[in-house]
Amino acid sequence: EAEVAQSPRYKITEKSQAVAFWCDPISGHATLYWYRQILGQGPELLVQFQDESVVDDSQLPKDRFSAERLKGVDSTLKIQPAELGDSAMYLCASRGQGALTEAFFGQGTRLTVV
Amino acid sequence: AQSVTQPDIHITVSEGASLELRCNYSYGATPYLFWYVQSPGQGLQLLLKYFSGDTLVQGIKGFEAEFKRSQSSFNLRKPSVHWSDAAEYFCAVGGNAGNNRKLIWGLGTSLAVNP
């Protein structure tokens, strides 16, 4: 069964350092989402791609976060510099092109900033 | 404004008891509705979805949900809960208008199951 792949699963980094997360969506899925989920809360959309184009990054803290999906396939989310408040689960999801489709999630990357 | 409300932050039920998790939404267009489940430290797994048609939808793991347009609700139910159902449950609403495929999420309901 096709899955959304994310790496790493866990990351510990010191504040002020740079950190990057990678996501490989299900093959053929044009829509890709990056979410941040703080413990005990729901997912918060950071950025949404349609193919290689950003559709919505209104909640992305652009002074320190960046995201790219250069070839419209896999994607990278970067934080530089990391802050203590960035500690969270970062989830990637993808969604097929059809009208009646749902989002499929990866296992997530648990980030701890120390 | 588009929003999803899950009124119950935390619910505890006994194993074998019935379960209903509430979800209310506000959405300007025809809503596509979803329930996802998340086990600790894991990603989200789709339980069921509603796009159109029969308002009672069946999902995986014995869950079902009923769409009530007049009440703007999409409540999740299970007739007999198992200990393995303990998890976080999220309701979401979205659309498919052009590039507007953003999902609006509730804050989740944490389910605990007593043996």
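Once the gyration tensor of the Cα atoms in the protein assembly as shown is diagonalised, the equivalent ellipsoid follows with semi-axes of 29, 21, 15 Å, ordered largest first. Across all Cα pairs in segment B:17-76, the calculated P(r) in 10 Å bins from zero up to the longest distance comes to 21, 54, 23, 3 percent per bin.
When B:VAL93, A:VAL4 are arranged by Cβ crowding within 10 Å, least crowded first, meaning fewest neighbours, the order is A:VAL4, B:VAL93. When you restrict to C-alpha pairs under 8 Å that are six or more residues apart and normalise by the size of chain A, the relative contact order lands at 37 percent. Result for chain B in a Gaussian network model with C-alpha springs under 10 Å: among B:GLN71, B:GLN58, B:GLN38, the largest mean-square fluctuation is at B:GLN71.
Kindly state, to the nearest 0.05, the FRET efficiency for A:SER16 paired with B:SER26, given R0 = 41 Å and r defined as their beta-carbon distance. If you can, show how the numbers build up before the last one.
Values: r = 40 Å, r/R0 = 0.99.
It comes to 0.50.
Based on DSSP, what percent of beta bridges with both residues in chain B are antiparallel, to the nearest 5? Antiparallel bridges make up about 90 percent of those DSSP assigns within chain B.
Which loop chymotrypsin sites (Phe, Trp or Tyr not before Pro) in segment A:18-114, with loop taken from DSSP, have no more than 16 other Cβ atoms within 10 angstrom of their Cβ?
none
Hey, in the GNM for chain A with a 10 angstrom Cα cutoff, which one of A:GLY40, A:GLY96, A:GLY28 fluctuates hardest? Fluctuation is largest for A:GLY40.
As an exercise, take the mean of 1/r over every pair of distinct alpha carbons in chain A, invert it, and state the Kirkwood radius in angstroms.
Working: mean 1/r = 0.0712 Å⁻¹.
By the Kirkwood definition, the hydrodynamic radius is 14.0 Å.
Could you tell me the calculated FRET efficiency between A:GLU83 and A:SER27, based on Cβ-Cβ distance and R0 = 41 angstrom, to the nearest 0.05? Intermediate results must be reported in sequence, preceding the final value.
Working: r = 35 Å, r/R0 = 0.85.
Approximately 0.75, to the nearest 0.05.
For chain B, averaging the sequence separation of C-alpha pairs within contact (under 8 Å, six or more residues apart) and dividing by the residue count gives a relative contact order of 37 percent. Sorting A:VAL113, A:VAL73 from the fewest to the most surrounding beta carbons within 10 angstrom yields A:VAL73, A:VAL113.
Charged side chains reduced to their Cβ positions (Lys and Arg at +1, Asp and Glu at -1) give segment B:1-69 a dipole of some 200 debye around its Cα centre. A Förster distance of 30 Å, applied to the separation of the beta-carbon atoms of B:ASP54 and B:THR5, puts the FRET efficiency at 0.80. Listing B:LYS102, A:LYS71 from fewest to most neighbouring C-beta atoms within 10 Å gives A:LYS71, B:LYS102.
The overall shape of segment B:32-115 is oblate: from the C-alpha gyration tensor, with semi-axes ordered a ≥ b ≥ c, the ratio a/c is 1.5 or greater and a/b is no larger than b/c.
Readers should treat all values here as calculations from the given coordinates under stated rules, not as data from a laboratory. Source: prediction; values computed, not measured. Reconstructed Cβ throughout: ideal geometry from the backbone, glycine too, with neighbour counts over all protein chains shown.
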